[in-house]
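The values are calculated or read from the model by the stated rules, or taken from the named source; none is laboratory data. Source: prediction; values computed, not measured. Cβ atoms come from the backbone with ideal geometry, glycine included; neighbour counts cover every protein chain shown.
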2 protein chains.
Amino acid sequence: MMAGEIAGKEEEMGEITDPGRKSAGARRSPESADAILDAAEAVLVETGYSGFSIEAVARRARAGKPTIYRWWPSKAALLLDVYQRQKRVDNPDTGNLAEDLVGFLKSLFAHWRDTSSGSVFRSLIAEAQSDEKAAAALAEYARGRRIHTGQMVERAKARGEVAADVDATVVADLIASFAWAHLLTDRLDEDEAILRRAVGYVLKGIVADDAGDATAVRRRRRRILSRPAK
Amino acid sequence: MMAGEIAGKEEEMGEITDPGRKSAGARRSPESADAILDAAEAVLVETGYSGFSIEAVARRARAGKPTIYRWWPSKAALLLDVYQRQKRVDNPDTGNLAEDLVGFLKSLFAHWRDTSSGSVFRSLIAEAQSDEKAAAALAEYARGRRIHTGQMVERAKARGEVAADVDATVVADLIASFAWAHLLTDRLDEDEAILRRAVGYVLKGIVADDAGDATAVRRRRRRILSRPAK
DNA sequence: TATTCGAAACGAAACGTTCCGTAACGATAA
DNA sequence: TTATCGTTACGGAACGTTTCGTTTCGAATA
């Protein structure tokens, strides 16, 4: 759980009774937690990242700052929990990798653009540049997403659509990086044609068909050698 | 000039005499400007982005805050000028696009890792998420870099190495995005082998050689049709 | 004389923490 | 079963610190 990695929460809503305690005391309020997360999202949407502060969230949630700091040690941790609450973009499974990847990018851009998730995620990336724990959590999250996105490539490999030696996570890294840069530079309205081009370049490459003798010769040799083997 | 775009500096170091002024008065001090930019870089290097503030820069530069605000309206504007002072990574020109792009990524990562430029640039990206002017300046800068990086692809097109219809800036976008994501997630020590894979996937694609009949047939047809035309 | 500079001061905002009174909860005793 | 106790959680207030962006000031420059 990502939140656990930053926040180090060992107790979940006060349900565990620590032997060092003489009595359980009051329970944590799930309503409070939800109100704080809702408020965090609302503040970010209404005032942007520049207006996002723990003070503003506390005011909006009608919660005490100590309550927020009890569960979330930093702005980044709070933003991360907000992001984790939001739906994830699914991997399309059309049987064709180009369509899968273009569909994925289109869905991701729409999701980031049409919900608060884009604002949340870009704020998180920004926080990660000044908060080491946030940076570690973001890196871990990105690693997991590369594997998940890479599943589209793995499926294509299983279908024989993609070469067996292709590293799916490097491909996913290329695609996700493209998306991140679009998010960070306000380009979520990119033309579908450009998305198709970018995906096309990754799938089919950009070298010319009869580019240089060496490339063409190498291709012919590879064809010849692979056929008798079959 | 990027700084001009944020800072709106119409006068250059007080050299222009504005008709509305009754006397030239004291000149702006170039030593001051340099001291401030040097201090900004030093503060960022020593305390990281989280310790970077106008107060800290003013203290370090032994300059007045009003002096800083006179010339740079925001942290982002100051960071941008610091970044603009730094050397740019050149485009390799080896006559082979794969070597050019891998060399470019390696140089860029080394530059970002071994100088303050990486810290400066990631801080700038972070600032751009909360400062609209910084966002506009970053987007403009990124646009210019895409064209510049795309020159490696244009040269490869001219050599016949890359197909004539390939959009060089989309390719540059893929490569730069990959670099940005590495910078933002602390991966500037990436293996050269991974860089080569990623570049290779963009150049040669990832589809299998005999992937699906349709793909192979399409390739054969394209070969046949293009030859008689020549 | 007008302009620039660095130092000092200003009011506002946010930070992360402590304090306070109230409410909630489980354990214990009657 | 009910009442009491000790502990924890809560929101509100307050705290000292830092930074923000701005104004004021006296000295230096042209």
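Counting only helices (runs of 4 or more DSSP H) that sit wholly inside the range A:35-106, those with at least 2 residues that are away from chain B (no Cβ under 14 Å) and more than 11 Å from DNA strand C (Cβ to nearest atom) are A:54-61, A:75-85. A:ALA137 passes every criterion in (1) without any contact (Cβ under 8 Å) to a residue 60 or more places away in the chain; (2) assigned to a helix (DSSP H, G or I); (3) more than 9 Å from chain B (Cβ to nearest Cβ); (4) not hydroxyl-bearing (Ser, Thr, Tyr) apart from (1). Within the range A:148-164, at least one residue is crowded, with 16+ Cβ neighbours inside 10 Å and in contact with a Gly (Cβ under 7 Å, 6 or more places away or on another chain). Please identify the pairs in which a residue from the range B:63-76 that is in the same structural domain as B:ASP34 (by TED's automatic domain parsing) has its Cβ atom under 8 Å from the Cβ atom of a residue that is within 6 Å of DNA strand D (Cβ to nearest atom), counting only partners at least 6 apart or on another chain. These pairs meet every condition: B:LYS65/B:ILE54; B:LYS65/B:GLU55; B:ILE68/B:ILE54; B:TYR69/B:ILE54; B:LYS75/B:SER53; B:LYS75/B:ILE54.
Evaluating A:PHE104 against the criteria (1) more than 16 Å from DNA strand D (Cβ to nearest atom); (2) surrounded by 21 or more Cβ atoms within 10 Å (Cβ to Cβ); (3) at pLDDT below 95 leaves one unmet condition, (3). Got at least one residue in the range A:176-186 being at pLDDT 95 or above and more than 9 Å from chain B (Cβ to nearest Cβ)? Within the range A:176-186, one or more residues are at pLDDT 95 or above and more than 9 Å from chain B (Cβ to nearest Cβ).
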